[in-house]
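This report refers to the structure that appears directly beneath it.
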Amino acid sequence: MNICIIDDEHLALEYLDFLFNKIEGVQVTGKYNSPGDLIDHVQRESIDAVFMDIHMPEIKGIDLAEKLLNIQPSLQIVFVTAYNEYAVKAFELNALDYILKPVQKVRLEITIQRIKESNYIKLNTALESDSDKANYRIKNLGALRFYKENNPIEVKWRTSKAKELFAYFVQNHENTIRKGELTDLMWSNLPWEKAHSQLYSTVYQIRKVTQQIGMPIKISSQDEFYHITIEGVEIQSVKWKRAALDVLRDNNVSAAAYFKLLEAYQGNYLEEIEAAWVLKERHSLRKIWLGLIENLVKHIIYYENPSSYNASKLSALVSSDEEAVMLLNKKLQH
């Protein structure tokens, strides 16, 4: 296992190196006082983990971790600190582990074992992904759900904010997203520094979730912006919206095409999230859904009659939605 260590205190750095030299199967490929030198190392060579002081004068550990993960997303981060308050912060960052100073060899060995176990899980996930070449689907009409081919994937979000931010990234994956926009959106009630910390922590959590389930989604950070790359993933709302608009533009569509889209609409967009940005897109998709219902009613009246099988089928399909039922009854009565 190749690791790097960084601490602004020379004696602490040398002592950590001394302990690692006593652990079998671990090689310290770089030890640094300067964050810039560590970044250069990570850019040049593949490493398994970085052990870093969370509180350094040049750069905060949280910011350095973000930079390193942008270079090597699979990198394991372990924070080393002399202060309990920073140990708590490490937990918030969802780092693999944190270690309190003075560091003990036995404690380091526990962390090394955790890294090995985590890397084993990642390797199996990667091999499975390569062999299956499976496509992934994100369903977001109704509750947010994940599928690999036709098999549901259970996802455990550490916080509700991680789930919400992931959904925002998916909705805006074609745009460059400003970090300040995200802190204003998600943590407007917090001071800037705390909001900034929460953003990095939450993005870190999302990266871990997508790695665990093998979903090919990459979050890249550059200066004050994030860019989302999604490959081989079908987003339900995007596909549905495109198909629905095509149907609404075509005056020569069968009832079956309408029913297929209406049945695919399994609930309002991200129904478990009530943020303002969700409500805007939810209203847009719902308006399209109601437009499909209205057009299908016109089709039924023109080609069939209000008591036909398709009319009854449509009535049953929208029976749980009060607004849709009112629209249906109004149109059929006319």
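The values are calculated or read from the model by the stated rules, or taken from the named source; none is laboratory data. All of these numbers come straight from a predicted model, not from anything done at the bench. Methodologically, a virtual Cβ is constructed for each residue, glycine included, from the backbone with ideal geometry; neighbour enumeration extends over all protein chains shown. Only protein heavy atoms, including side chains, enter the accessible area calculation; ligands, DNA and RNA are left aside. Shrake-Rupley method; radii C 1.70, N 1.55, O 1.52, S 1.80 Å.
Picking from residues in region 24-37 that are over 13 Å from Asp48 (Cβ atoms) and not in a strand (DSSP E or B), the one that is farthest from the chain's Cα centre (by Cα) is Glu24. Looking only at region 65-98, count how many residues are at pLDDT below 85 and closer than 26 Å to Leu11 by Cβ. Result for region 65-98: 15.
For region 1-22, a tally of residues being part of a loop (DSSP other than H, G, I, E, B) and either at pLDDT 95 or above or within 35 Å of the chain's Cα centre (by Cα) (or both) returns 3. Against the criterion of being touching a strand residue (DSSP E or B) at 6+ places or on another chain (Cβ under 9 Å) and modelled with pLDDT under 90, Glu224 qualifies. Region 189-290 holds helices (runs of 4 or more DSSP H) entirely within its bounds, and those carrying 3 or more residues that are closer than 30 Å to Ile77 by Cα and either of a type outside the set (A, V, I, L, M, F, W, C) or in contact (Cβ under 8 Å) with a residue 60 or more places away in the chain (or both) map to 192-213. Which of (1) loosely packed, with under 13 Cβ neighbours inside 10 Å; (2) at pLDDT 90 or above does Ser34 not meet, given it meets every other one? In the conditions (1) loosely packed, with under 13 Cβ neighbours inside 10 Å; (2) at pLDDT 90 or above, Ser34 misses (1) alone. Out of all the residues in region 161-188, which are open to solvent by less than 50 Å² (accessible area, probe 1.4 Å), within 18 Å of Lys280 (Cβ to Cβ) and either free of Cβ contacts under 8 Å to residues at least 24 places away in the same chain or not in a helix (DSSP H, G or I) (or both)? Those that are open to solvent by less than 50 Å² (accessible area, probe 1.4 Å), within 18 Å of Lys280 (Cβ to Cβ) and either free of Cβ contacts under 8 Å to residues at least 24 places away in the same chain or not in a helix (DSSP H, G or I) (or both): Asn172, His173, Ile177. Can you find a residue that is under 25 Å from Arg282 (Cα atoms), among the hydroxyl-bearing types (Ser, Thr, Tyr) and at pLDDT 95 or above anywhere in region 200-213? No: region 200-213 contains no residue that is under 25 Å from Arg282 (Cα atoms), among the hydroxyl-bearing types (Ser, Thr, Tyr) and at pLDDT 95 or above. Got a number for residues in region 311-332 being without any contact (Cβ under 8 Å) to a residue 12 or more places away in the chain and open to solvent by 40 Å² or more (accessible area, probe 1.4 Å)? Number of matching residues: 9. Per the listing Asn140, Asn119, the residue uniquely surrounded by 13 or more Cβ atoms within 10 Å (Cβ to Cβ) and modelled with pLDDT under 85 is Asn119. Checking each residue in region 300-310 for being surrounded by fewer than 18 Cβ atoms within 10 Å (Cβ to Cβ) and either assigned to a helix (DSSP H, G or I) or under 36 Å from the mean Cα position of the chain (by Cα) (or both) picks out Ile301, Tyr302, Tyr303, Tyr309. Here Phe51 passes the criteria (1) aromatic (Phe, Trp, Tyr); (2) under 27 Å from Asp223 (Cβ atoms); (3) surrounded by fewer than 16 Cβ atoms within 10 Å (Cβ to Cβ) except the one numbered (3). Comparison of His227, His283 shows that the only residue that is open to solvent by 30 Å² or more (accessible area, probe 1.4 Å) and within 30 Å of Lys67 (Cβ to Cβ) is His227. Taken over region 193-206, the criterion of being in contact with a Leu (Cβ under 8 Å, 6 or more places away or on another chain) and open to solvent by 20 Å² or more (accessible area, probe 1.4 Å) is satisfied by Gln198, Tyr200. Entry remark, region 286-299: residues being under 16 Å from Gly142 (Cα atoms) and loosely packed, with under 15 Cβ neighbours inside 10 Å number 1 in total. Restricting attention to region 1-31, and to residues there that are out of contact with any helix residue (DSSP H, G or I) (no Cβ under 9 Å at 6 or more places or on another chain) and under 18 Å from Val106 (Cα atoms), which single residue is surrounded by the most Cβ atoms within 10 Å (Cβ to Cβ)? Checking each candidate, the answer is Leu13.
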